[in-house]
Amino acid sequence: MTAKNSNCETCAQKGSCKDELEGKECKGQINRMARVKHKVIIASGKGGVGKSTVTVNLARALQMKGLRVGVLDADITGPDIPKLLGIEDARLNQGPEGIEVPLAEGIKAASMAFVLSSRDAPVVWRGPMKMAAIKQFIQDVNWGDLDFLLIDLPPGTSDEPLSVVQLIPDLAGAIIVTTPQEVALLDSRKAVNMVKAMKMPVLGIVENMSGLVCPHCGESISIFGSGGGERMAEEMDVPFLGAIPIDPSVCALGDRGQTFVQSGTKAGGSFSRIVERLIEMF
Ligand code: ADP
């Protein structure tokens with residue numbers, strides 16, 4: 001016997017819920033995202049292009065504008081958000097309103113890293129286990145009142161994006177992060193098409209690692225090329241949000257758990273313009 005409530009199919013407690021097992025009508029799943037205004041996914045075709053870096057800096061930039069922000073780290077096997085936000089040792093707690101997640105100077109963050117026994121412990125899980133963890137973050141975390149929830153997806157077009165889209169039907173859209181070289185753009189096009197196939201708006205493309213400004217002469221060196229992200233956005237008829245240069249301070253700050261958006265660097269300036277363009281869309 002199963003409970004009649006249709007919410008059971010997407011409920012995080014499915015299979016272990018007493019009401020479901022006893023065939024009773026359950027009171028319905030609590031929508032803990034009901035008071036989150038804009039849910040945005042951050043995706044990339046490839047790993048290492050700076051997707052998590054863009055996520056945390058976007059979170060900080062929005063928060064600096066007085067908005068309430070949360071980050072859901074949906075990369076279950078490579079959860080880097082806590083490191084980049086400087087809250088690696090934080091833990092999750094069960095509260096009366098759901099799972100309570102830590103704050104990184106005001107930004108709520110949920111990540112698999114908060115439940116691992118050590119920083120180096122691997123998560124060797126098959127798809128269904130990863131999906132169950134994402135479901136719990138979506139349905140059981142007490143997200144409360146937020147203006148933006150940024151969902152950092154693992155790279156590629158596998159089953160995590162599908163789960164997120166299925167569990168959060170009112171997503172505002174997706175930001176795709178790419179680097180300028182053709183091999184990254186090839187995979188980014190797939191990510192754009194995945195978002196389009198899911199009938200979700202592509203809010204825009206961010207081209208990261210777009211040239212390096214020489215610290216000595218100030219000339220720009222196109223290590224991975226530049227402009228590829230903008231050309232791709234034009235070809236695929238999606239907005240281009242802007243480009244961020246390669247900047248050693250981005251990496252150094254990230255390693256220290258700090259964001260670069262407020263750093264006064266060239267990368268920080270480029271990023272501020274990206275955030276302005278994004279905010280205009282809401
Ligand atoms: P992803 O989430 O796509 O795997 P990350 O955000 O983890 O990528 O970034 C990978 C590495 O590249 C990190 O060490 C990060 O600090 C660095 N990085 C990202 N963007 C830049 C940039 N514009 N300049 C210099 N380093 C960067």
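No value in this document is a laboratory result; all are computed from the given coordinates. Computed from a predicted model, the values in this text were never measured in an experiment. Note that each Cβ is placed from the backbone with ideal geometry, even for glycine, and that neighbours are counted across all protein chains shown.
For this structure, a couple of remarks:
- Cα gyration tensor category, rounded, prolate or oblate, for the chain with a/c compared to 1.5: prolate
- For the stretch 215-282, applying the loop criterion from DSSP together with a ceiling of 11 other beta carbons within 10 Å to the trypsin sites (Lys or Arg not before Pro) yields Arg256.
- 5 angstrom amide H check on Phe240, placed H, neighbours 5+ away: Ile205
- Phi to ³J(HN,Hα) by Karplus 6.51 cos²θ - 1.76 cosθ + 1.60 over the stretch 210-227, Hz, x for Gly, Pro: 8, x, 10, 8, 4, x, 8, 9, x, 6, 8, 10, 8, 4, 9, x, 7, x
- The value of relative contact order for the chain, using C-alpha pairs under 8 Å at least six residues apart, is 22 percent.
- The dipole here belongs to the chain: it is taken about the Cα centre, uses +1 on the Cβ of Lys and Arg and -1 on the Cβ of Asp and Glu, and is about 380 debye.
- Within-13-Å neighbourhood charge of Ala133 [Cβ basis; K, R +1; D, E -1]: -2
- Computed E for Ile223/Lys65 - FRET, C-beta separation, R0 35 angstrom, nearest 0.05: 0.65
- Excluding same-chain neighbours fewer than eight residues apart, the lysines reachable from Lys199 by a Cα-Cα span under 26 Å are Lys37, Lys39, Lys46, Lys51, Lys130, Lys135, Lys190.
- Among Ile76, Ile205, the ranking by other beta carbons within 10 Å of each residue's beta carbon, starting with the fewest, stands as Ile76, Ile205.
- Surface/4 of the Cα convex hull for the stretch 136-282, nm²: 10.0
- Karplus (6.51, -1.76, 1.60) ³J(HN,Hα), θ = phi - 60°, over the stretch 84-100, in Hz, Gly and Pro reported as x: 5, 9, x, 10, 4, 8, 5, 9, 8, 10, 8, x, x, 9, x, 6, 9
- Centroid-to-centroid, using Cα positions, the stretch 86-114 and the stretch 233-279 are 25 Å apart.
- FRET E, pair Glu105, Arg35, Förster distance 22 Å, beta-carbon r, rounded to 0.05: 0.55
- Taking amide H atoms as placed 1.01 Å from N in the peptide plane, the amide H of Lys39 lies under 5 Å from those of Leu149, Ala172, each 5 or more residues away in sequence or on another chain.
- Three-way shape label, the stretch 230-280, alpha-carbon gyration tensor, a/c 1.5: prolate
- Taking the DSSP beta bridges with both ends in the chain, the antiparallel portion is around 20 percent.
- Amide H to amide H, with H built 1.01 Å from N, Gly156 comes under 5 Å of Ser44, Gly45, Lys46, counting only residues 5 or more places away or on other chains.
- In Hz, Karplus ³J(HN,Hα) per residue of the stretch 195-205 (6.51, -1.76, 1.60; θ = phi - 60°; x = Gly, Pro): 4, 4, 5, 7, 6, 10, x, 8, 5, x, 9
- Ranked by how many other beta carbons lie within 10 Å on average, peptides 123-132, 174-183 from highest: 174-183, 123-132
- Between Val213 and Lys18, the contour length at 0.36 nm per residue exceeds the Cα-Cα span by 64.2 nm.
- The stretch 58-127 shape via C-alpha gyration tensor axes, a/c threshold 1.5: prolate
- Loop-located GluC sites (Glu not before Pro) in the stretch 53-151, at most 14 other Cβ atoms within 10 Å (DSSP): Glu97, Glu105
- Of all DSSP beta bridges in the stretch 72-213, antiparallel share, percent nearest 5: 35
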